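Colleague: Structure provided below as structure tokens; questions to follow.
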Amino acid sequence: MTTTELSPQLDAALAVRWHELNERLADIRRRYPDAALASSLAAEDMLLTHALYAGGSDLEVFTLDTGRLHAETLGVLDAVRERYGREVTVYRPDAGAVERHVAEHGAYAFYESVALRRACCQIRKVAPLKRALAGRGAWITGQRRSQSTTRGELPFEEDDAAFGLYKFNPLAEWDEEEVWSVIRALGIPYNPLHDQGYPSIGCEPCTRAIRPGEDLRAGRWWWESSDSKECGLHAGNRVIPVVARVE
Ligand code: SF4
């Protein structure tokens, strides 16, 4: 049976991509049965969630509810439950750490400096991620190379020294159009903010819609320069000089 026959809703090229992705996820499951997908509930992660949940994989999908997410993003959790009959595990920040940070610096300190922004991300994202990854051999992300200057060299798999486990980026070589073509063809649920100019969605006060021609992650921490735009979850990512990216 051909890949197109296996995925009749997809054209031949996408069917191959989809088939390769499912093979890659099965390989991850064989090598690391305790691996989990860290989902931001954005388009790429919904595509991966569909591959896992509709494909019957028992790999876990989890998300980090920072306490500052859009209502639309939280609504995706209900959409997943309704569509697949399975939950996304939710990790939340330590309430005491959040309280102390807000009491000392204010509720919007992330606008004041990169250091304070990173401190907030550390409490609301990195610390809960560490808890989510504790004891696992590997994790899976929806990162793609073409998303930003910090992801241009993203490998399919890597040793994640920052968190001390293996990390898989099975969508590394997918482009934006391929992601959306599969989402539409397979009717995968997605965050409605994507239809309102938000290709990349983080916390509400730290995300804006992008303008035509802007980098896909330009709406994340838009007041900072592009080389600081990671939240600490993907500490290995680095900026590639523009001359090195011209191909
Ligand atoms: S994205 Fe903004 S609100 Fe969310 S954790 Fe980072 S600094 Fe805090």
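Colleague: Please go through (1) at negative phi; (2) modelled with pLDDT of 95 or more for Thr2 and return the number of the only condition it doesn't satisfy.
Modeller: For Thr2, the failing item is (2).
Colleague: Ok, one more. Only one of (1) surrounded by 13 or more Cβ atoms within 10 Å (Cβ to Cβ); (2) assigned to a helix (DSSP H, G or I); (3) away from the ligand (no atom under 16 Å from the Cβ) fails for Glu72. Which number is that?
Modeller: (3)
Colleague: Can you find even one residue in region 84-100 that is under 17 Å from Leu37 (Cβ atoms) and among the acidic types (Asp, Glu)?
Modeller: yes
Colleague: Within region 121-134, is there a residue that is in contact with a His (Cβ under 9 Å, 6 or more places away or on another chain) and not in a helix (DSSP H, G or I)?
Modeller: Looking through region 121-134, none of the residues is in contact with a His (Cβ under 9 Å, 6 or more places away or on another chain) and not in a helix (DSSP H, G or I).
Colleague: Follow-up. Check whether at least one residue in region 34-46 is within 28 Å of Glu173 (Cα to Cα) and surrounded by fewer than 18 Cβ atoms within 10 Å (Cβ to Cβ), and report yes or no. Spell out how you get there, then give the answer.
Modeller: So the first thing to find is which residues in region 34-46 are within 28 Å of Glu173 (Cα to Cα), and the list is 34-46.
Still in the running and surrounded by fewer than 18 Cβ atoms within 10 Å (Cβ to Cβ): 34.
Scanning region 34-46 turns up at least one residue that is within 28 Å of Glu173 (Cα to Cα) and surrounded by fewer than 18 Cβ atoms within 10 Å (Cβ to Cβ).
Colleague: Would you confirm, using the coordinates I've provided, whether Arg217 is among the charged types (D, E, K, R), more than 11 Å from the ligand (Cβ to nearest atom) and surrounded by fewer than 18 Cβ atoms within 10 Å (Cβ to Cβ)?
Modeller: Numbers: among the charged types (D, E, K, R): yes; more than 11 Å from the ligand (Cβ to nearest atom): yes; surrounded by fewer than 18 Cβ atoms within 10 Å (Cβ to Cβ): no.
Criteria not met by Arg217.
Colleague: Continuing with the same structure: Being basic (Lys, Arg) and in contact with a strand residue (DSSP E or B) (Cβ under 9 Å, 6 or more places away or on another chain) is the filter; apply it to region 101-160 and report the residue that is surrounded by the most Cβ atoms within 10 Å (Cβ to Cβ).
Modeller: Arg124
Colleague: While we're here: Condition first: of a type in the set (A, V, I, L, M), under 29 Å from Pro33 (Cβ atoms) and either in contact (Cβ under 8 Å) with a residue 60 or more places away in the chain or touching a helix residue (DSSP H, G or I) at 6+ places or on another chain (Cβ under 9 Å) (or both). Now tell me which residues in region 59-83 satisfy that.
Modeller: Leu59, Val61, Leu64, Val76, Ala79, Val80
The values are calculated or read from the model by the stated rules, or taken from the named source; none is laboratory data. Please read all numbers here as calculations on a predicted model, not as lab measurements. So basically every Cβ, Gly included, is an ideal-geometry build from the backbone, and we count neighbours across all protein chains shown.
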